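Asks: Mind looking over this structure? Questions follow.
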Amino acid sequence: MSRATSASISSEIDFRELHARYSRADFREFKKWARGTAQGSRRGGSLVRSVFVGSVVVSTFISIALSALVIFSTMATTSPLWATLVGGPVIAAFIYLASVRLIDIWRRDVRLRVRWRRWMNLERFTLANTMVYTPEISSPSYPGSIFTIGTARRAFDVVTTSVGRYVEIGNYSFSGASGLNRSLNHCGYIRTLVDRRLPHLYLKSRKSRRFGAAFMRSQEFSLEGDFGKYFRLYTPLGYERDALYIFTPDLMAVLIDEASDFDVEFVDTQVFFYSPRRFAMRDPRTYRRVVAVVDAVVGKALRQTRAYSDERTTGNFVAARGARLGRGVTLAMVVGVMILVAQITRAIIMLWNAAH
């Protein structure tokens, strides 16, 4: 995604493919091509398995229901009351279960068709704009803190530039790590690069809900002016002067104007922007917003950090104590530990009572 201003963005990115409608022949040809890829074969295989298993289950239900119908019809000649009271509800139950399964198969098929069409739209959109679309990345190995917590981690609907400045846009999901926080979490993210390796700095937006990693409160550092009304800054202990060097008043002003609803993270040579809501990847406004944020914030950060170096080490490196922030303890972790301790205590008491 090249440098662009908001005035020229519509002429630089062709959005027509995001909602283009294709013929059945084009759609079949795309699915044939996509199934030849690793991710496409997994999607195609999951659809085939779903339909096959669902068909077997439904066929079994129908066979049992028909068999029961024949048996109860025969018994109805000798005991009509018993057949009516027992046979009717049993047959109705089997028909209900088969219907539920059929509806589930239909819904899954519709969802898969929608995913295929979204894949085709985004694939054609990225090809038209010299970008690359990746449907899914399992457990992405990024240094951003949100990519290191929870389980079942995956990035999906990922769009990356292939010329000019590297920018990656996508959605990300993970399951809560422990305790009561096991629900599936979603967010949108932007990933880009700077030239110099920087200390680990995290700006937590005061506008967005709490999500992602928690850091030790002792690392919270206040910058001048009204910046603290929009962000909480976490910086490694001893790197407060480095933070002041990087977050100049003009960079803070740009962050407030363009990115106050994002969490922003600088780690190694990478910059991440996290949105608490998933990005609508087929909405042109998403890309306009991303370009505005990256051009304004990262463009300013590149200029500000071009000469940065960590005086505690040599070369383009950051000393170990500045490379990563210390993690804090979340409420979910505390609740999880309390539940675990309660379960262990209960087990010990039960064993004690059993022994005495």
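Asks: Measure out, as a whole number of angstrom, how far apart the alpha-carbon centroids of region 228-252 and region 114-186 sit.
Replies: Cα centroid of region 228-252 versus Cα centroid of region 114-186: 28 Å apart.
Asks: Quick one: K204, K32, fewest Cβ neighbours within 10 Å first, how do they rank?
Replies: K32, K204
Asks: May I ask you to sort R327, R289 by Cβ crowding, counting other Cβ atoms within 10 Å and putting the fewest first?
Replies: Taking fewest neighbouring Cβ atoms as first place, the list is R327, R289.
Asks: Which residues does the label zone of R303 cover in region 235-250, counting backbone N under 17 Å from a point 7 Å along Cα→Cβ?
Replies: Under 17 Å, as judged by backbone N against the label point of R303, lie 245-250 of region 235-250.
Asks: Follow-up question, since we're still on this one. Per 0.36 nm of contour for each residue apart, how much would the distance between V132 and R24 grow if the chain were fully extended, relative to their Cα-Cα spacing?
Replies: Full extension from V132 to R24 adds 36.5 nm.
Asks: 7 Å from Cα along Cα→Cβ at both K207 and R118: what's the point-to-point distance in nm?
Replies: Reported label-point gap for K207 and R118 is 2.4 nm.
Asks: At 0.36 nm per residue, and after removing the present C-alpha to C-alpha distance, how many nm does the segment from T37 to R282 gain when stretched out fully?
Replies: Gain on extension, T37 to R282, equals 86.0 nm.
Asks: Arranged by the count of other C-beta atoms within 10 angstrom, fewest first, what order do L203, L251 take?
Replies: Least to most surrounded, the residues fall as L251, L203.
Asks: Which lysines, if any, have their Cα less than 28 Å from the Cα of K300, not counting same-chain residues under 8 positions apart?
Replies: Candidates past the 8-residue exclusion: K204, K207, K229.
Coordinate-derived values only; no laboratory data. Keep in mind it's a predicted model, so treat the numbers as computed, not measured. Note that we place each Cβ from the backbone using ideal geometry, even for glycine, and neighbour counts take in every protein chain shown.
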